[in-house]
Every structure is written in structure tokens, then in C-alpha cells.
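Undergrad: So that we are looking at the same thing, I have put the structure below in C-alpha cells.
The values are calculated or read from the model by the stated rules, or taken from the named source; none is laboratory data. None of the values given here were measured: they were computed from a predicted structure. Because the Cβ atoms are built from the backbone with ideal geometry, glycine has one as well, and the counts that use them run over all protein chains shown. These area figures cover heavy atoms from the full protein model, side chains too; ligands, DNA and RNA do not enter into them. Shrake-Rupley method; radii C 1.70, N 1.55, O 1.52, S 1.80 Å.
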Amino acid sequence: MKFAGILAVFAALMLSIGNVMAVPAGKTIEFESSMGKVVFDGKAHAAKGAKCADCHTKPKLFEMKKGKDKMTMKDMNDGKFCGACHDGKKAFSVKAPADCAKCHKK
């Protein structure tokens, strides 16, 4: 009986490890930028049907840990990182000056 309890706690810990770095629906993560703070909203992306694996597995657009990726607007304009979806077709474009304030908050 004691072994089963220890095993259950161990299993719960192992299952939760993958979520430590994730930004689930309802949570946000902030990035500093010279054009203003960028806030990634997990809820807004989940509401559009996006799953974590869509960006963190195949294709692997982002690392799971904040700060591992060095994102630039040039990369995004070239279809990398956020620019893979924010291309003006699937989602608003990272290239459209009128849309800058949708991500960058001064």
C-alpha cells in the first residue's frame, strides 16, 4: 500500500514536469523588446485552436524554455518563430505596421 502511494506521487510529478515551462490557456508570458513589451497569451492562441505542440514540436518553432530563442523581426518576417503563422493568411501579419500594437505594448 505504501509503495502504491509513492508510485502515485512519482507519477503525478513526472506528468507535471512537462507543464512547468508551458504557457497554458489563461496564462501569459512576457518578452522585453525595444518596441515595447510583447505578451504571449496562451488563452488567445488556444481559443483559435492552437495546441502547444503546434509550435513546440512539429514544426519546432520555439524552444520550451523562455529565453532559449533569440527572436528578431527579421526572422519573423522570413517566416520563422511567430511569423510562421502570423503571415497575413493564417493570422495577422508580423509585416503589417498597423498590426505592431497587437503584440508590442509600450
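Undergrad: How high is the FRET efficiency from Lys58 to Glu32, r the C-beta distance, R0 22 Å, rounded to 0.05?
TA: Plugging the Cβ-Cβ distance into 1/(1 + (r/R0)^6) gives 0.15.
Undergrad: With the full set of protein chains in place, find how many percent of the accessible area of the range 34-106 is carbon and sulfur; take the probe as 1.4 Å.
TA: The computed percentage sits at 60.
Undergrad: Could you report the range 60-106's accessible area per residue, 1.4 Å probe, as an integer in Å²?
TA: Per-residue accessible area for the range 60-106 comes out at 73 Å².
Undergrad: Something else about it: Taking 0.36 nm per residue of sequence separation and subtracting the Cα-Cα distance, how much length would be gained by fully extending the chain between Ala96 and Lys66, in nm to one decimal?
TA: Here the answer is 8.3 nm.
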